[in-house]
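Colleague: Quick one: this structure, given as structure tokens, is what I'll be asking you about.
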Amino acid sequence: MSGELLAIFVGALLINNFTLAYFLGLCPFFGVSARLTTAFRLGLANVFVMLITSLAAWGLETFVLVHAPYLRLITYIVVIASTVQFVEMLLKKAAPALFRALGIFLPLITTNCAILALALFQTSRGYGLLQGLVFALGAGGGLTLALVLMAGLREETELSEVPSLLRGTAMSFFIAGVLSLAFMGFAGLFSGSG
Amino acid sequence: MRLPETARLVLTLGIAGTLSGVTIVSTYRLTLPRIQANQAAALERAVLEVLPGGTSMQRLVWGEHGLAPAATGAEGGDSVYGGYDAAGGFVGYAIPAAGAGFQDTIRLIYGYDPGRRRIVGMEVLESRETPGLGDRIFKDPEFVAEFRDLAVEPRVALVKGHGEGPNEVDAITGATISSQAVVRILGQANEAWLPRLPPAAEAPPLPPPQERRPVHPGGERGGPVPGGRAGEGR
Amino acid sequence: MPDPITPSAELLKGLWRENPVFVQVLGMCPALAVTNSAVNGLAMGLATTFVVVMSSLLVSSVRRWVPKQVRISTYILIIATFVTVADFALQAWTPALHRELGAFVALIVVNCLILGRQEAFASRHSVVPAVADAAGMGAGFTLALVMLGSVREVLGMGSWFGLSLFGPRFEPWVVMILPPGGFLMMGVLLLLFACVADARRRAGGRLYGGREAA
């Protein structure tokens, strides 16, 4: 059982990284400022939302949606929107500095495709409660990893000589392409033999 | 008449939610028969593909009394499919299986003839293997043809280069892990199912056409669901 | 921008000047994930266009009755409903395409492009301009996806819309249909777009403004 959980975790973190392999969570990935600390904190906020979403999705799926599977999308998105609202209120009261630092990115977590995708994948793969949480941890961790790597690389290249047309979005895509290529090296990590 | 603020908010959301719910349920009802027909057709095509000579099939669920034709709306359960030829004679079992491939999960179905104890066909239903390499597990006709007459004793084995034995499958050059995954998935499914499957003479027969139960391919999860069920895209 | 709000102007701006993918850089997730072939890009673009047009139609029709505090939630409900409808329709009538697009049909609901149009435009204008705006954005999105999908398919599989272009001896550049290829190709197209916009700006005054590439 623990071997399987590890496979789920590492799979979501590295092998099928949500951002670099599945193309999820790209809005924050390309939009996030080239500040390592902000990227890291945003990643953590996403992890938190993902964990709650995973829990809620499992609960909904197990108790409610067996009777009405066609309502899945609507209920998931409502849950996500509510979770983000809740996290916003929580941060405003408990950590106002962090709340201000994250700014507009916090409500945008709602439209982060990675969160919804997490819930949908978890359901289509039939993960149980624990597997779902581990999956959320790995997926969120992978997202954070990608965010941090991108922010770090952009910080580094800020002072480099880059042609003006390339600067900004186009260059971010090239960096992302190279990162994605590098992460492809993780494929086959768990298939082994036999 | 100005309603109090909160009442307006709640009313708006309530109306929106209700309208949304009604729309979704109506669309669901409208598309359900077609979607189920699609799924059933796809499944039947795959089953008949891996059981050459088969022209019809039925779902068989493993229960406490052994293999039995699936009752309508059967809840989950391990199931295989029985294939029958035009005369109603038993052709073989089509066994669905899944497991980890190189990149992600591979789902496949394979045909098994209990009389000759051989695998007679294999079709990959879903995979996300590397295009050009791993995806040759379904694109390479030679690899797929290996499963047309494959012995299961002592067990299906993968060899590099050219295998001689009736139970050996040649690995695809450059896609060893994907090939190995297919063989491993077959082996695990064999371990689970071969002891359970009655021989040809005792296989559940096909009921006459008027008594045939409708096939519900997804079991308890048949029908449309937003986001689909089949895959996560490429 | 002091532009006259005519329906045709709204329609055209989504195609080039405010192209959602190449200029606004929105809807990246589906733009990269399902453009491993031209037909997938087309299907996703059309599905998204359906959702954004219907949503804008509805949002603009009811804009006077939706209280400000719950507007985002209402928009999301509306969008999610149409996405579910589109999803079922695809499953019923084009199951093969639906399998290719996978979960990304459901993910249309979080495409920032759609919510963005509701918030920025449909909620402030009457039905006809709102629908024109949505149709233009959808068309621009579809155009971008078909372009990206075509390039990746031609290079990565040697075919276009399934038609083999170079014959069986073509050695496909497989990385193009894999994730890294998606990122790289998008970068190239963004660069091209920025170059063209820049050249036009230099040559023709402020005819085709667009955002500074910076």
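The values are calculated or read from the model by the stated rules, or taken from the named source; none is laboratory data. Only a predicted model underlies this, so the values are computations on that prediction, with no experimental measurement involved. A quick note on method: Cβ atoms are made from the backbone with ideal geometry, for glycine too, and the neighbour counts reach across all protein chains shown. Only protein heavy atoms, including side chains, enter the accessible area calculation; ligands, DNA and RNA are left aside. Shrake-Rupley method; radii C 1.70, N 1.55, O 1.52, S 1.80 Å.
Colleague: Can you pull out the buried accessible area for chains A and C, both sides counted, probe 1.4 Å, rounded to the nearest 100 Å²?
Modeller: Chains A and C together bury roughly 3000 Å² of accessible area.
Colleague: State, to one decimal in nm, how far the label point of B:L19 lies from the label point of A:S160, with both points 7 Å from Cα in the Cβ direction.
Modeller: 5.1
Colleague: A follow-up question, please. Just to confirm my numbers, what's the Cα centroid distance between the stretch C:72-100 and the stretch A:65-142 in Å?
Modeller: Their Cα centres are 20 Å away from one another.
Colleague: Any idea how far apart C:W173 and B:A201 come out in nm if each label point goes 7 Å out from Cα toward Cβ?
Modeller: 6.4
Colleague: Viscosity 1.002 mPa s, temperature 20 °C: Stokes-Einstein D of the stretch B:15-106 from its Kirkwood Cα radius, in µm² per second?
Modeller: Rounded to a whole number, D works out at 134 µm²/s.
Colleague: Only four residue types carry charge here, +1 at the Cβ of Lys and Arg and -1 at the Cβ of Asp and Glu. Report the dipole size of the protein assembly as shown about the Cα centre in Debye, rounded to the nearest 20.
Modeller: 2240
Colleague: Would you mind finding the longest exposed-site-free stretch of chain A, with exposed GluC sites (Glu not before Pro) meaning DSSP loop and at most 14 other Cβ atoms within 10 Å?
Modeller: Here the longest segment lacking exposed loop sites spans A:1-157.
Colleague: Also: Along the positive direction of the dipole of the protein assembly as shown (beta-carbon charges: Lys, Arg +1; Asp, Glu -1; about the Cα centre), which of B:A16, A:V78, B:F143 reaches farthest?
Modeller: Positive-most Cα among the choices belongs to B:A16.
Colleague: Still on this model: For the stretch C:1-82, list log₁₀ I(q)/I(0) at each q in 0.14, 0.18 Å⁻¹, using the Debye formula over Cα point scatterers of equal strength and ignoring solvent, two decimals each.
Modeller: Those come out to -0.64, -1.00, one per q.
Colleague: Compute the orientation-averaged projected area for the stretch B:5-61 from the convex hull of its Cα atoms and round it to one decimal in nm².
Modeller: 6.2
Colleague: Enumerate by residue number the chymotrypsin sites (Phe, Trp or Tyr not before Pro) in the stretch C:1-92 meeting two conditions: DSSP loop (anything except H, G, I, E, B), and at most 12 other Cβ atoms within 10 Å of the site's Cβ.
Modeller: Qualifying residues, ordered by number: C:W65.
Colleague: Rounded to a whole number, what % of the accessible area of the stretch C:72-122 do carbon and sulfur atoms account for, probe 1.4 Å?
Modeller: Solvent-exposed carbon and sulfur of the stretch C:72-122 make up 71 percent of the total.
Colleague: Oh, and also: Could you state, as a whole-number percent, how many of the C-alpha pairs of the stretch B:103-173 are farther apart than 17 Å?
Modeller: I get 44 percent for the Cα pairs in the stretch B:103-173 exceeding 17 Å.
Colleague: Output the antiparallel fraction of DSSP beta bridges having both residues in the protein assembly as shown, as a percent to the nearest 5.
Modeller: Roughly 90 percent of the beta bridges in the protein assembly as shown run antiparallel, per DSSP.
Colleague: Tell me which of C:V154, C:F50, C:A9 sits at the most positive position along the dipole axis of the protein assembly as shown, charges placed on C-beta atoms (Lys, Arg +1; Asp, Glu -1).
Modeller: The one lying farthest along the dipole's positive direction is C:A9.
Colleague: To continue, here is another question. Probe of 1.4 angstrom, ligands and nucleic acids ignored: what's the accessible area per residue over the stretch C:68-143, in square angstrom?
Modeller: 29
Colleague: Kindly provide the pair-distance distribution of the protein assembly as shown built from C-alpha pairs, with 20 Å bins from 0 and whole-percent values in order of increasing distance.
Modeller: Going from the shortest bin to the longest, the percentages are 18, 51, 27, 5, 0.
Colleague: By its C-alpha gyration tensor, with a ≥ b ≥ c as the square roots of the eigenvalues, how is chain A shaped: rounded for a/c under 1.5, else prolate for a/b larger than b/c, else oblate?
Modeller: Cα axes put chain A in the oblate bin.
Colleague: Continuing with the same structure: At the nearest 100 Å², what buried accessible area, both sides summed, do you get for C and B when the probe is 1.4 Å?
Modeller: About 2500 Å² of accessible surface is lost on pairing.
Colleague: Given axes a ≥ b ≥ c from the Cα gyration tensor, I'd like to know whether the stretch C:50-135 is rounded (a/c under 1.5), prolate (a/b larger than b/c) or oblate.
Modeller: Prolate, since a/c reaches 1.5 and a/b exceeds b/c.
Colleague: Separate question: Test of the criteria: in the stretch B:111-214, which GluC sites (Glu not before Pro) are in a DSSP loop and have at most 11 other Cβ atoms within 10 angstrom of their Cβ?
Modeller: B:E164
Colleague: Hey, which aspartates and glutamates would be in cross-link range of C:K68, C-alpha to C-alpha under 16 Å, not counting anything within fewer than 8 residues on its own chain?
Modeller: Here the aspartates and glutamates satisfying the reach criterion relative to C:K68 are B:E5, C:E119.
Colleague: When the scattering of the stretch C:25-172 is computed by the Debye formula from its Cα atoms alone, each counted once and equally, what is log10 I(q)/I(0) at q = 0.09, 0.12, 0.15, 0.16 Å⁻¹?
Modeller: -0.31, -0.51, -0.73, -0.81
Colleague: While we're on this one: Expressed as a whole percentage, what fraction of the accessible surface of the stretch B:105-215 belongs to carbon and sulfur atoms when a 1.4 Å probe is rolled over the protein heavy atoms?
Modeller: Ligands and nucleic acids excluded, carbon and sulfur give 51 percent.
Colleague: Sticking with this one: Percent of accessible area on the stretch C:136-183 owned by carbon and sulfur, 1.4 Å probe?
Modeller: About 73 percent, which is the carbon plus sulfur part of the accessible surface.
Colleague: Which Rg and Dmax, in Å, describe the Cα atoms of the stretch B:147-211?
Modeller: My reading of the Cα-based Rg and Dmax gives 15.9, 51 Å.
Colleague: How tilted is helix C:179-204 with respect to the longest principal axis of chain C? Cα atoms for both, answer in degrees (0 to 90, nearest 10).
Modeller: Tilt of helix C:179-204: around 60 degrees.
Colleague: What accessible area per residue comes out for chain A, rounded to a whole number of Å², with a 1.4 Å probe?
Modeller: Averaged over the residues of chain A, the accessible area is 41 Å².
Colleague: Still on this model: Using the beta-carbon distance between C:V128 and B:T55 and R0 = 45 Å, what value does 1/(1 + (r/R0)^6) give for FRET efficiency, to the nearest 0.05?
Modeller: 0.20
Colleague: At a probe of 1.4 Å, how much accessible area disappears from chains A and B on forming the pair, both sides counted, to the nearest 100 Å²?
Modeller: 1800
Colleague: A:A182 versus A:L98, label points 7 Å from Cα toward the beta carbon: distance in nm?
Modeller: Taking the two extended label points, one gets 2.7 nm.
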